[in-house]
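S.K.: I have a structure I would like to understand better, so I am pasting it below and will then ask my questions one at a time.
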Amino acid sequence: MSALHISQLYKHYQLDAVRVPALIDINLDIQPQRFTVLSGPSGSGKTTLLNLIGCIDKPDSGEIIIAGQQVGKLGDNALADFRSRHIGFIFQNFNLLPVLTAFENIEYPLILTKMPAAKRKARVAQLLDAVGLSDKARNLPGQLSGGQRQRVAIARALATEPQWVLADEPTANLDSQTGAAIIQLMRRMQRELKVSFVFSSHDPQVLAAADDAVFIRDGQLQPMPAKTALGSVDSNNNQQQVAA
Ligand code: ADP
Ligand code: MG
């Protein structure tokens, strides 16, 4: 499995007459089959970067190669198709479809891939079991707790067996205990399924669980502290780089 490669990536937003630079010359390789955290203060560009990696948005310029594909070269339809086959996304606010049950939310991306029904149902049952929600299959999102909704979202992101799973602040809307359980679940799924996880977060619990960390501030990458320094002492320095 190949690394995720980003070079000379730029992205800005236009707010009326104001040009807001969101990402400035991002050069980055993310290793596959690891748990990588993208950290930085609010407004630093984390969501923008994940959306570009996840082919939800397009850069102004620069290159992203993911799962061996230079995604900037793909047209809209090919990009959507590529995304559905290779990338799973987990959102801060879960983004479940409110009229579908937990089972149906997980099943939905598999229907899009035209997987035969029997195989599909078996896969959803297996995923529900893996995230500990077999008894909630028929519940609508509104009938689930925040942590349970995020479990459904994790199962949905993993349903099509993507190579890369991207999660934008997956624990931000959860209390710390529930957040810790969600991180453990994602860690376990990452190891068992050998997928590559990339998270944005400024949650110290997420940072401590990471294999690799990338720091971003004002749209620019910051020098990376050694993994050994993560979650440990040099707290002044860490604080500055990590806290919201
Ligand atoms: P983060 O996820 O780290 O909080 P974002 O990627 O959401 O950061 O935002 C990066 C910068 O881009 C911020 O200055 C933010 O205000 C700006 N921004 C994000 N989305 C938009 C948008 N749709 N229109 C204008 N500015 C935006
Ligand atoms: Mg964000």
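S.K.: Tell me, which residue of region 46-66 that is over 17 Å from residue 207 (Cβ atoms) and open to solvent by less than 20 Å² (accessible area, probe 1.4 Å) is nearest to ligand 1 (Cβ to nearest atom)?
M.R.: Taking the candidates together, the pick is 48.
S.K.: Does at least one position in region 94-106 carry a residue that is touching a residue at least 60 places away in the same chain (Cβ under 8 Å), open to solvent by less than 70 Å² (accessible area, probe 1.4 Å) and within 20 Å of residue 132 (Cβ to Cβ)?
M.R.: yes
S.K.: Condition (residue is closer than 22 Å to residue 168 by Cα, surrounded by 15 or more Cβ atoms within 10 Å (Cβ to Cβ) and of a type in the set (Lys, Arg)) applied to region 114-135: is it met by at least one residue?
M.R.: Within region 114-135 (the criterion being closer than 22 Å to residue 168 by Cα, surrounded by 15 or more Cβ atoms within 10 Å (Cβ to Cβ) and of a type in the set (Lys, Arg)), the answer is no, since none of the residues qualifies.
S.K.: Contact list please: Cβ distance under 7 Å, first residue in region 18-44 and assigned to a loop (DSSP other than H, G, I, E, B), second residue open to solvent by 30 Å² or more (accessible area, probe 1.4 Å) and among the hydroxyl-bearing types (Ser, Thr, Tyr), pairs at least six apart or on different chains.
M.R.: Within 7 Å, the pairs are 32/2.
S.K.: Output the number of the condition that residue 37 fails; it satisfies all remaining conditions of (1) in contact with a Lys or Arg (Cβ under 7 Å, 6 or more places away or on another chain); (2) within 16 Å of ligand 2 (Cβ to nearest atom); (3) more than 25 Å from residue 81 (Cβ to Cβ); (4) open to solvent by less than 20 Å² (accessible area, probe 1.4 Å).
M.R.: Residue 37 satisfies every listed condition except (1).
S.K.: Quick check on my filter: what residues within region 158-189 are outside any loop (DSSP other than H, G, I, E, B), in contact (Cβ under 8 Å) with a residue 60 or more places away in the chain and open to solvent by less than 10 Å² (accessible area, probe 1.4 Å)?
M.R.: 158, 164, 165, 166, 167, 186
S.K.: Moving to a separate point now. Look at region 190-219 and say how many of its residues are within 12 Å of ligand 1 (Cβ to nearest atom) and not in a strand (DSSP E or B).
M.R.: Selection size over region 190-219: 4.
The values are calculated or read from the model by the stated rules, or taken from the named source; none is laboratory data. A quick note: this is a predicted structure, and the numbers were derived from the prediction, not measured. All Cβ positions, glycine included, derive from the backbone under ideal geometry; neighbour counts span all protein chains shown. Ligands, DNA and RNA are stripped out before the accessible areas are found, and what is left, the full protein with its side chains, is counted by its heavy atoms. Shrake-Rupley method; radii C 1.70, N 1.55, O 1.52, S 1.80 Å.
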